[in-house]
Amino acid sequence: MFFKAENLKLERVDDNTLRQVGAHGEGLMDALVIFEHAVPADTPIPFHHHVHVQTTYVLRGAFKFAVKYPDHTEVQEVHAGDSIYFPSDHAHGCIPLADDSRLLDAFTPIREDFLR
């Protein structure tokens, strides 16, 4: 039931991103995502999608997020305290606009791929 910080593994996702899986079980999971460096605001946003429903809370910094819909793509800048909801299978992505920007993501069902 308790997931203590000293026992959680911080893993490198890519050359600018770290992830730490937090509490998880019974179909719900959270993950801290750290972006070490800002990128230029005109950097193309990489998209991905998954079957998991996701919420994202901006803990620190700023991001440009994009969500693809069948007829358009919505792009918004978000800052600390903002949150986002992503339905299942909606393509989405972001770029960090400030150094050491951080997100807290929650997923249902849990991301088994994050536990490997």
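The values are calculated or read from the model by the stated rules, or taken from the named source; none is laboratory data. Quick caveat: nothing in here was measured; it's all calculated off a predicted structure. Positions of Cβ are backbone-derived with ideal geometry, glycine not excepted, and every protein chain shown enters the neighbour counts. All accessible areas refer to the heavy atoms of the entire protein, side chains included, with ligands and DNA or RNA removed. Shrake-Rupley method; radii C 1.70, N 1.55, O 1.52, S 1.80 Å.
Just checking, does the range 48-64 include any residue being of a type in the set (D, E, K, R), part of a loop (DSSP other than H, G, I, E, B), in contact (Cβ under 8 Å) with a residue 40 or more places away in the chain and open to solvent by 70 Å² or more (accessible area, probe 1.4 Å)?
no
Which residue pairs have Cβ atoms under 6 Å apart, sit 6 or more places apart or on different chains, and have a first residue in the range 87-105 that is of a type in the set (S, T, Y) and a second that is modelled with pLDDT of 95 or more and assigned to a loop (DSSP other than H, G, I, E, B)?
S88/V51; S101/G61
For the range 100-114, which positions are surrounded by 12 or more Cβ atoms within 10 Å (Cβ to Cβ) and either on the phi < 0 side of the Ramachandran plot or not in a loop (DSSP other than H, G, I, E, B) (or both)?
Within the range 100-114, S101, R102, L103, L104, D105, A106, F107, T108, P109, I110, R111, F114 meet the criteria.
Give the range 65-89 a look and list any residue that's open to solvent by 40 Å² or more (accessible area, probe 1.4 Å) and either in contact with a Phe, Trp or Tyr (Cβ under 7 Å, 6 or more places away or on another chain) or closer than 25 Å to A38 by Cβ (or both), or say none.
Scanning the range 65-89 gives K68, T73, E74, V75, Q76, E77, H79, A80, G81, D82, S83, Y85.
For the structure I just gave you, tell me whether A31 is touching a helix residue (DSSP H, G or I) at 6+ places or on another chain (Cβ under 7 Å), at negative phi and among the hydrophobic types (A, V, I, L, M, F, W, C).
yes
Return the pairs, sorted by first residue and then second, in which the second residue is among the β-branched types (V, I, T) and in a strand (DSSP E or B), the first residue lies in the range 24-46 and is more than 17 Å from A5 (Cα to Cα), the beta carbons are less than 6 Å apart, and the residues are 6+ apart or on different chains.
From the range 24-46, the pairs are G27/T108; L28/T108; F35/T17; V39/I95; T43/I95; I45/I95.
Within the range 1-13, track down each residue that is in a loop (DSSP other than H, G, I, E, B) and surrounded by fewer than 10 Cβ atoms within 10 Å (Cβ to Cβ).
M1, F2, K4, K9 - these are the residues of the range 1-13 that are in a loop (DSSP other than H, G, I, E, B) and surrounded by fewer than 10 Cβ atoms within 10 Å (Cβ to Cβ).
What number of residues within the range 14-47 satisfy the criterion of being out of contact with any Gly (no Cβ under 7 Å at 6 or more places or on another chain), of a type outside the set (D, E, K, R), open to solvent by 70 Å² or more (accessible area, probe 1.4 Å) and within 14 Å of P96 (Cβ to Cβ)?
Qualifying residue count, the range 14-47: 3.
Output yes when any residue across the range 95-109 is more than 21 Å from R12 (Cβ to Cβ) and of a type in the set (V, I, T), and no when none is.
yes
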